[in-house]
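Here is the structure we will look at, set down as structure tokens.
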Amino acid sequence: MAQLRQRYNEYARRGAEIIVVGPENHETFARHWRRERFPFVGVPDPDHEVADLYDQEVNPLKLGRMPTVIVIDRQGRIRFQHHGNSMKDIPADEKLLGLLDRLNEEEKAVVE
């Protein structure tokens, strides 16, 4: 999440909202969120309901939930999915920011 915090303004400038879903219970999650002062939305998901909806792998042998990145456009369509195989398997910011630029261009073209 440090990567997201560092580049949050670049995502926000592109109209993206980052939502991080964590496996902790509500109290633990809220305490962590307050302590770290993340600039994006955080949602506790101790029963894995959201994780299950988006097929996020939970693997206790690999330290818990595997990273999952999903980009949903303004119409609610999933435009990109990445399901990591390890805790370090996360798409590069450049790839995600480029995707957001393309989605914004598509939306702009439709409006014009």
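Counting only Cα atoms, I'd like the Rg/Rh figure for segment 1-42, Kirkwood definition for Rh. All intermediate terms of the calculation are to be shown ahead of the outcome.
Working: Rg = 10.9 Å, Rh = 10.9 Å.
Ratio of gyration radius to Kirkwood radius: 1.00.
Test of understanding: express the Cα radius of gyration of the chain as a ratio to 2.2 N^0.38 Å, with N the residue count. Before the final figure, lay out the partial values.
Values: Rg = 15.0 Å, N = 112, 2.2 N^0.38 = 13.2 Å.
Relative to the 2.2 N^0.38 Å estimate, the chain comes out at 1.13.
Taking the highest mean first, how do the peptides 71-83, 93-105 order by number of other beta carbon atoms within 10 angstrom per residue? Let's see the in-between values first.
Values: 71-83: 11.9, 93-105: 14.4.
Packing order, densest peptide first, comes out as 93-105, 71-83.
So what is log10(I(q)/I(0)) for segment 30-81 at q = 0.21, 0.26, 0.30, 0.31 1/Å, when the Debye sum runs over its Cα atoms only?
-1.00, -1.14, -1.14, -1.14
If you wrap a convex hull around the C-alpha atoms of segment 60-112 and split its volume per residue, what is the figure in Å³? Working shown, then result.
Details: hull volume 3.5 nm³, N = 53.
Dividing the Cα hull volume of segment 60-112 by its residues yields 66 Å³.
Ignoring any ligand, DNA or RNA, what whole percent of the accessible area of the chain comes from carbon and sulfur when the probe is 1.4 angstrom? Please list the in-between numbers first.
Details: 4060 of 7810 Å².
Carbon with sulfur: 52 percent of the solvent-accessible area.
The values are calculated or read from the model by the stated rules, or taken from the named source; none is laboratory data. Just so we're clear, the structure is a prediction, and the values are computed from it rather than from any experiment. Cβ: placed from backbone, ideal geometry, glycine included. Neighbour counts: every protein chain shown. Protein only, heavy atoms only, side chains kept; ligands, DNA and RNA dropped before computing areas. Shrake-Rupley method; radii C 1.70, N 1.55, O 1.52, S 1.80 Å.
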